[in-house]
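J.: Here it is, the structure, as structure tokens.
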Amino acid sequence: MADEFDVIIRHARLRGSGDKTFDIGVSGGLITQLSDSLSGTGADEIDAKNGLVTESYANPHLHLCKVWTLDMMGDDAIKDYHGGSMGKAMSAIERASVVKENYDASWIADNARRAVALAAQHGNLHIRAFADVDAKARLEGVKALLEVRDEFSGIVEVQVVAFAQDGIVREPGAAELMREAMQLGADVVGGIPWIEFTDADADEHIRVCFDLAQEFDKDVSMLLDDAGDAGLRTLEAMAVEAINRGWEGRALAHHCRAMSLYPQPYFQKLVSILRRARVPVVSDPHTGPLHARVQELLEEDVLVCLGQDDISDAYYPFGRNNMLEVAFLASHMLWMTSRDEIERLYDLVTTNAAQSMNVENFGLTPGCVANLVVLGEPNVVEALRNHQAPVAVVSNGKIVDLARMSALSARS
């Protein structure tokens, strides 16, 4: 008799269901049944042993072309970026750019492959991955990440972002390189308008990015107001551009650290614009001393999520593509420590993150794509406490070979 399911996960606890357990049936890459007990059989079966099973994790912000490059440079960039009130953030970016003088797709791909395999081990199955595009980096990072994206297809979805890290107006030839990156197959148009020298140049930076997004029918991701300057306003400018272009829900805002310094009347105005533009905000509070006003944004019904941001590069010395670890750190940085707040943090690395990346059909109900993690802990509080890798991961309806992912992620 043929198996009725491709995969069955048995004895799974679900969020909000207490001690009750469920069986989850998977067929054709989708969750097809969820009940107290499935009578059918599966080609593969996982005994969750009363552990928590949830949607997989998603990382909407990772500079994947730079992972494990910290050893190539000193600590000057980190000191500038983390120092004081982030008044030297632009200097930090300029110092960090030295690593790109040695960019080559081969070693970038090797590092990125390790990082994506590490993501798979931790059940992080969707990554929005930035690749610098400028005179130093050229298209080496984009080429490397496109290679790794295709290699991990069906296991980890990598959305490659062509990212104008050093600016567009201030960086001769950057606009042309960005178009070439999109022609090569990049998935998202990335910008950083606050890095420009004038407000007019920042507006032009935003315009060029949205021109490309419309030309290639792609989403936009921008690092905005990432410094200790209460006068920065590129988040507002980007959100207004999204409204004017009809790109609501297709533009994602990253960092927005200057928001922490905004006066309340301006913050309230900004919230209204973000809601109308349907612009989510990605915060990475563990990678800098300032951060977006996460709790207030959530209270105002702005979609918010968390990102890893960096793995051992010029801006952050740690990281392992473990979104439970990111949520654990955020719990401390944001003082979100009640049970309800911890549950919300879990949303910020699962459902909120996937929605912010426009991942389709993401969830834990029949009909959703079967991207799931089976944890060794019974609930979200314990999952964050330990932030351990899942005991099993299902991607697109198939069990991930975690031993192979471990071997790929090991340092050679």
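J.: Restricting to the stretch 311-321, name every residue that is surrounded by fewer than 24 Cβ atoms within 10 Å (Cβ to Cβ) and in contact with a Leu (Cβ under 8 Å, 6 or more places away or on another chain).
T.: Scanning the stretch 311-321 gives Ser312, Pro317, Arg320.
J.: Check off (1) crowded, with 24+ Cβ neighbours inside 10 Å; (2) in the same structural domain as Thr69 (by TED's automatic domain parsing); (3) over 20 Å from the mean Cα position of the chain (by Cα) for Leu375 and give me the number that stays unchecked.
T.: (2)
J.: Just the residues that are among the aliphatic types (A, V, I, L, M) and out of contact with any Gly (no Cβ under 8 Å at 6 or more places or on another chain), please, taken from the stretch 10-48.
T.: Of everything in the stretch 10-48, those that are among the aliphatic types (A, V, I, L, M) and out of contact with any Gly (no Cβ under 8 Å at 6 or more places or on another chain) turn out to be Leu14, Ile24, Ala43, Ile46, Ala48.
J.: Moving to a separate point now. Glu343 passes all but one of (1) assigned by TED's automatic domain parsing to the domain that holds Asn321; (2) without any contact (Cβ under 8 Å) to a residue 60 or more places away in the chain; which number fails?
T.: (2)
J.: While we're on this one: Let me confirm something: among Asp217, Asp226, which residue is more than 18 Å from Lys269 (Cβ to Cβ) and surrounded by fewer than 20 Cβ atoms within 10 Å (Cβ to Cβ)?
T.: Asp217
J.: Would you pick out the residues in the stretch 146-175 that are in contact with a helix residue (DSSP H, G or I) (Cβ under 9 Å, 6 or more places away or on another chain) and part of a helix (DSSP H, G or I)?
T.: Residues satisfying the conditions are Leu146, Glu147, Val148, Arg149, Glu151, Ala174, Ala175.
J.: Moving on to the next point. Step by step: first the residues of the stretch 118-145, then only those that are basic (Lys, Arg) and in a strand (DSSP E or B), then the one that is surrounded by the fewest Cβ atoms within 10 Å (Cβ to Cβ). Which residue is that?
T.: Arg138
J.: Scan the strands (runs of 3 or more DSSP E) fully inside the stretch 303-412 and keep the ones with 1 or more residues being closer than 22 Å to Ile8 by Cβ.
T.: 372-374, 392-395
Residue-wise test of (1) over 26 Å from Leu139 (Cβ atoms); (2) touching a Phe, Trp or Tyr at 6+ places or on another chain (Cβ under 7 Å); (3) modelled with pLDDT under 95.
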residue: Gln33; (1), (2), (3): yes, no, no
residue: Leu38; (1), (2), (3): yes, no, yes
residue: Asp44; (1), (2), (3): yes, no, no
residue: Ala48; (1), (2), (3): yes, no, no
residue: Leu52; (1), (2), (3): yes, no, no
residue: Tyr57; (1), (2), (3): yes, no, no
residue: Leu70; (1), (2), (3): no, no, yes
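J.: Got at least one residue in the stretch 266-275 being closer than 18 Å to Ile192 by Cα, in the same structural domain as Pro317 (by TED's automatic domain parsing) and not in a loop (DSSP other than H, G, I, E, B)? Can you show your working first?
T.: Initial filter on the stretch 266-275 (closer than 18 Å to Ile192 by Cα): 274.
Of the ones still in play, those that are also in the same structural domain as Pro317 (by TED's automatic domain parsing) are 274.
Keeping just the survivors that are not in a loop (DSSP other than H, G, I, E, B) gives 274.
Yes: one or more hits.
J.: Condition first: of a type in the set (Asp, Glu) and closer than 24 Å to Lys143 by Cα. Can you find one or more residues in the stretch 179-190 that meet it?
T.: yes
J.: Of everything in the stretch 244-265, what is basic (Lys, Arg) and outside any helix (DSSP H, G or I)? Give them in sequence order.
T.: Within the stretch 244-265, Arg250 is the sole residue that qualifies.
J.: Something else: Output yes when any residue across the stretch 213-221 is touching a strand residue (DSSP E or B) at 6+ places or on another chain (Cβ under 6 Å), closer than 19 Å to Asp132 by Cβ and in a loop (DSSP other than H, G, I, E, B), and no when none is.
T.: yes
J.: Which condition from (1) free of Cβ contacts under 8 Å to residues at least 60 places away in the same chain; (2) in the same structural domain as Val326 (by TED's automatic domain parsing); (3) assigned to a strand (DSSP E or B) is the one that Gly74 breaks?
T.: The failed condition is (3).
J.: While we're on this one: If Ala383 satisfies all but one of (1) surrounded by fewer than 22 Cβ atoms within 10 Å (Cβ to Cβ); (2) touching a residue at least 60 places away in the same chain (Cβ under 8 Å), what's the number of the condition it fails?
T.: All conditions are met except number (1).
J.: Among the candidates Glu236, Glu241, which residue alone is touching a Leu at 6+ places or on another chain (Cβ under 9 Å) and in the same structural domain as Glu299 (by TED's automatic domain parsing)?
T.: The conditions single out Glu236.
The values are calculated or read from the model by the stated rules, or taken from the named source; none is laboratory data. Keep in mind that this is a model prediction, so the values were computed, not measured. So basically every Cβ, Gly included, is an ideal-geometry build from the backbone, and we count neighbours across all protein chains shown.
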